[in-house]
Amino acid sequence: SAPRACSRRARAASAPAEPKFGEEREWMFSGQLSASLGHLGYSNSDAATTAFSVAPAADYFLARNLFVGAAAFLSYSDTTSGLPVEIETLRYGVYAHLGWNAWLSEKLSLLPTLSLGEWHEQSSYSAARPGFTTSVGGTAINVGSDVTQTVVIVEIFSPLLFHPTRHFFIGLGPDVYVDVLHDVANQAGGTSSNPRTFIGLSSIVGGWLDPRAR
C-alpha cells in the first residue's frame, strides 16, 4: 500500500550511507603487506638460495581522503653461486607515508603519496678462491669483504586506483624516487657514495577496513 511504501522510503532515506574508501578513521593495507620464506637448490651444483622477507605496511585516514602511514621491512638471504661465491645479506628499514585520495568517478580515484624511508643492508661476501669482484649499489667490491649500505630515500607514487568492489582496489601509476643518501662501505675502510634515481611505473593492490562497520 501507499503508506507502507512511504514508510520504506523514509527508512531508506534515514539510514546512514555506507562508508566508502577514504573516510576518516579507515585503515588501508596495500601491496607491501607480504611475507615469504623459501629455499632453492640445484641438483648438479652447489648453487643454492635461502631467503626470508616480511614487509608489513598500513595507512590511517586522519580526515576524509587524508592519510598517514608507515611500512617496515626485514629480509635475509644466503646465496651460493656456481663460481662458487657465497653472499649473506640482511636488509631492514622503515618508510613513512603521507598522501591524499582524490575521487575521479564512482570507481576511480587518484592516490598521490609522498614517502620518506631509510634502510640498511649488511652483506658478507666469501669465495673459495681470491680475486673475485662484484657490484654492490653500483660500486665494485672485492669478494672476501663485508659491505654495509645506508640509504635515505624520497619517493613520490601516484597510482590511479580502480575499485571493482567495496574494500578492494588495484592500481597503476608513475613512481619516482631519489636517494638523498646512498653510502656503500666495506670492511677495508673504503666508502663511496652512489645515489640512485628511478623513474617508472609501479602497481599496487590493497584493501581497506572501516572500524565503525558492523
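The values are calculated or read from the model by the stated rules, or taken from the named source; none is laboratory data. All values derive from a computational prediction rather than experimental measurement. Here the Cβ positions follow ideal geometry from the backbone for every residue, glycine too, while neighbour counts run over all protein chains shown. SASA here: full protein model, heavy atoms, side chains in, ligands and nucleic acids out. Shrake-Rupley method; radii C 1.70, N 1.55, O 1.52, S 1.80 Å.
Condition first: in contact (Cβ under 8 Å) with a residue 24 or more places away in the chain, within 23 Å of the chain's Cα centre (by Cα) and either exposed (fewer than 15 other Cβ atoms within 10 Å of the Cβ) or closer than 21 Å to residue 155 by Cα (or both). Now tell me which residues in the stretch 64-89 satisfy that.
Within the stretch 64-89, 65, 66, 67, 68, 69, 70, 71, 73, 75 meet the criteria.
Do you know which residues across the stretch 178-187 are open to solvent by 30 Å² or more (accessible area, probe 1.4 Å) and without any contact (Cβ under 8 Å) to a residue 40 or more places away in the chain?
Of everything in the stretch 178-187, those that are open to solvent by 30 Å² or more (accessible area, probe 1.4 Å) and without any contact (Cβ under 8 Å) to a residue 40 or more places away in the chain turn out to be 178, 180, 181, 183, 185.
Quickly run through the stretch 188-205 and pick out the residues that are surrounded by fewer than 17 Cβ atoms within 10 Å (Cβ to Cβ) and either among the aliphatic types (A, V, I, L, M) or not in a strand (DSSP E or B) (or both).
Once the filter is applied, which keeps residues that are surrounded by fewer than 17 Cβ atoms within 10 Å (Cβ to Cβ) and either among the aliphatic types (A, V, I, L, M) or not in a strand (DSSP E or B) (or both), the stretch 188-205 yields 188, 189, 190, 194, 195, 196, 199, 201, 205.
Answer with yes or no whether residue 169 is modelled with pLDDT of 90 or more and open to solvent by less than 40 Å² (accessible area, probe 1.4 Å).
Against the criterion (modelled with pLDDT of 90 or more and open to solvent by less than 40 Å² (accessible area, probe 1.4 Å)), residue 169 qualifies.
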